[in-house]
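Handing you a structure now.
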Amino acid sequence: MENNTNKNLILRNLTGKRTSSVPIWLMRQAGRYLPEYRKIRQAKGSFLDLCYSPKLAAEITLQPVRRFGFDAAILFSDILVIPDALGQRVSFEEGLGPVLEPLTPQEPLLVDRVDRLKNDSLHKLDAVYETIERVAAEKKDDCALIGFAGGPWTVATYMVEGGSSRDFLKIRRWATCNPTSFGSLINTLTDATIAHLDAQINAGVEVLQIFESHAGVLDCFGFDQWVIKPTRRIVDTIKGKHPHIPIIGFPRGAAAQIPVFILETKVDAVSLDQSVPLNWASSEISDSFPVQGNLDPIYLLGDPAELSVHVSRVLSAFANRPFVFNLGHGVNKETDPKSVERLVEIVRDYNHRSPKET
Ligand code: CP3
């Protein structure tokens, strides 16, 4: 445990130590903006098949690390492998994004399927764990391997809305009108998420990130019930078994609820989206608490000089705390890989005003 911590800049920052060199990885660092990904994707056809092909998925996981020298590899998979493994039909359609057969309050709540998942008789996700084993065997020690899952609320939005949504009306109505049955769905997803994250750690991931991408559509009561409480149960259970694995929370859109999210979920670090003002983050989040983020990915599509200005603003704002450079959301598929290369160079060249190794 400790020896890894020494070699790895990301692990050091996520465990509360500031390093003079700022580590960097990007959400969606693997994917369609990379020609080497598009080539494999075209040959394979289906995105989900790719997620369940350990050799190809391991290769895709490592592509951005080889190309850009990132300090972390994130497992190539998706948050929607959970509903897929639980037996809900999931597909990814060109131009539409994910399409699921929507779940309604009248459906059975998949509880028996979760039990099967926990008993390890549901083998669909074994391919994901094999991907992890392959990446762990191939990657260098100074590159952290990040595993992940969607937060139960965010995964439930896809399961109930049947895909992406503009107003999230179906799920918000279910959660409000029938909180008991909706609570069982969230409970079921929380159990499945715990089992999935535990298995990822056993296969070799060194860090976890929980993507709560649609946290921002809830009011503070909903946020407490459907985001904070399930996240806390995930963190408590995983920490009970694996106390040394840092967990990053990404409560996208949570805005002023970020401090209470940090306090109550007990995550080790928070990933900030680009709507969080830098000075607000500096004043409202304790400067010993590890932060990740939060460059707007749109700057990767713009003028290189502008990119440099905005990267420097983020770096300066978080210069005196444990920090991992990232975007506020995923890399856009229109991004030129050269912009990402430039971004990595800017971060590498950055000279801290007051370098401080702890
Ligand atoms: O590089 C990485 O970040 C690792 C792999 C990863 C993917 N999805 C691959 C992917 C990760 C961590 C995710 C997380 C994910 N998936 C989230 C949370 C983060 C976020 O973006 O808010 C969500 C909400 C999903 C669900 C999902 N998957 C959507 C809405 C879509 C369609 C939109 C899109 O960008 O295509 C996907 C598909 C998806 N997931 C692709 C990739 C590389 C594109 C698949 C393709 O067509 O090749």
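Any read-out appearing in this document is the output of simple, stated calculations on the displayed coordinates, not a laboratory observation. Treat the numbers as computed from the prediction; the structure is a model and nothing was measured. Using ideal geometry, Cβ is built from the backbone for each residue, glycine included, and neighbour counts are taken over all protein chains shown.
How far is helix 54-68 tilted, in degrees, relative to the longest principal axis of the Cα atoms in the chain, given as a value from 0 to 90 rounded to the nearest 10?
20
OK, next. About the Cα centre of the chain, what is the dipole size in debye to 20, counting +1 per Lys and Arg Cβ and -1 per Asp and Glu Cβ, all else neutral?
Result for the chain is approximately 340 debye, rounded to the nearest 20.
Expressed as a whole number of Å, what is the distance separating the alpha-carbon centroids of region 86-108 and region 196-275?
That distance is 24 Å.
Expressed as an acute angle from 0 to 90° and rounded to the nearest 10, what is the orientation of the C-alpha long axis of helix 337-349 relative to the principal long axis of the chain?
That helix lies at roughly 50 degrees to the long axis.
With a cap of 10 neighbouring Cβ atoms within 10 Å, and only residues DSSP puts in a loop, list the trypsin sites (Lys or Arg not before Pro) found in region 141-229.
Arg166
May I ask you to list the lysines whose Cα is less than 23 Å away from that of Lys170, ignoring any residue fewer than eight positions away on the same chain?
Hits, sequence-local ones excluded: Lys229.
Please list, in order along region 264-280, the HN-Hα scalar couplings obtained from phi with the Karplus expression 6.51 cos²θ - 1.76 cosθ + 1.60 (θ = phi - 60°), rounded to whole Hz, x for Gly and Pro.
8, 7, 6, 4, 7, 7, 10, 9, 9, 7, 6, 7, 7, x, 4, 5, 5
Which pairs in the list Lys55/Lys139; Lys7/Lys333; Lys7/Lys139 are over 24 Å apart, alpha-carbon to alpha-carbon?
Pairs exceeding 24 Å: Lys7/Lys333.
To continue, here is another question. Can you give me the three principal axis dimensions of region 9-352 from its C-alpha atoms, in Å, biggest first?
Answer, in whole Å and largest first: 57, 46, 38 Å.
Further, regarding this structure: Would region 221-282 count as rounded, prolate or oblate if I go by the C-alpha gyration tensor, calling it rounded below 1.5 in a/c and otherwise prolate when a/b exceeds b/c, oblate otherwise?
The shape class here is oblate.
Could you point to the residue in His310, Ile298, Ile210 farthest towards the positive end of the chain's charge dipole, with +1 and -1 charges on the Cβ of Lys/Arg and Asp/Glu respectively?
Farthest towards the positive end: His310.
With springs only between Cα atoms under 10 Å apart, run a GNM on the chain and tell me which of Val128, Val309, Val291 wobbles the most.
Looking only at Val128, Val309, Val291, the biggest GNM fluctuation is shown by Val309.
Contour minus end-to-end for Ser275 and Phe92, with contour as 0.36 nm per residue of separation and end-to-end as the Cα-Cα distance?
So the chain would gain 63.1 nm between Ser275 and Phe92.
Let me ask another. Where both partners of a DSSP beta bridge lie in the chain, what percent of those bridges are antiparallel, to the nearest 5?
Counting only bridges with both partners in the chain, antiparallel ones make up about 20 percent.
At most 13 other C-beta atoms within 10 Å and a DSSP loop state: those are the exposed GluC sites (Glu not before Pro) I care about. Give me the longest piece of the chain that has none.
Longest run free of exposed loop sites: 95-333.
While we're here: Taking Cα atoms, how many degrees apart are the long axis of helix 304-317 and the longest axis of the chain, rounded to 10 and kept between 0 and 90?
80
Cα to Cα, under 12 Å, and not fewer than 8 places away if on the same chain: which aspartates and glutamates meet these conditions relative to Lys140?
Leaving aside aspartates and glutamates fewer than 8 places away in the same chain, those within reach of Lys140 are Asp71.
Pull out the extension gain between Ser164 and Gln106, defined as 0.36 nm times the separation in residues minus the alpha carbon to alpha carbon distance; nm, one decimal.
Here the segment from Ser164 to Gln106 would lengthen by 18.8 nm.
Quick one: plug the Kirkwood hydrodynamic radius of region 194-320 (C-alpha pairs) into Stokes-Einstein at 10 °C, 1.306 mPa s, and report D in µm²/s.
Value of D from the Cα-based Kirkwood radius: 101 µm²/s.
Rounded if a/c is under 1.5, else prolate if a/b is larger than b/c, else oblate: which is region 150-200, with a ≥ b ≥ c the root eigenvalues of its Cα gyration tensor?
oblate
If you don't mind, there's one more thing I want to ask. Could you compute the net charge surrounding Pro246? Neighbours are other residues with a C-beta less than 11 Å from the C-beta of Pro246; K and R count +1, D and E count -1.
With Lys, Arg at +1 and Asp, Glu at -1, the net is 0.
Also: So for the chain, averaging the separation of alpha carbon pairs under 8 Å that are six or more residues apart and normalising by length, what relative contact order in percent results?
22
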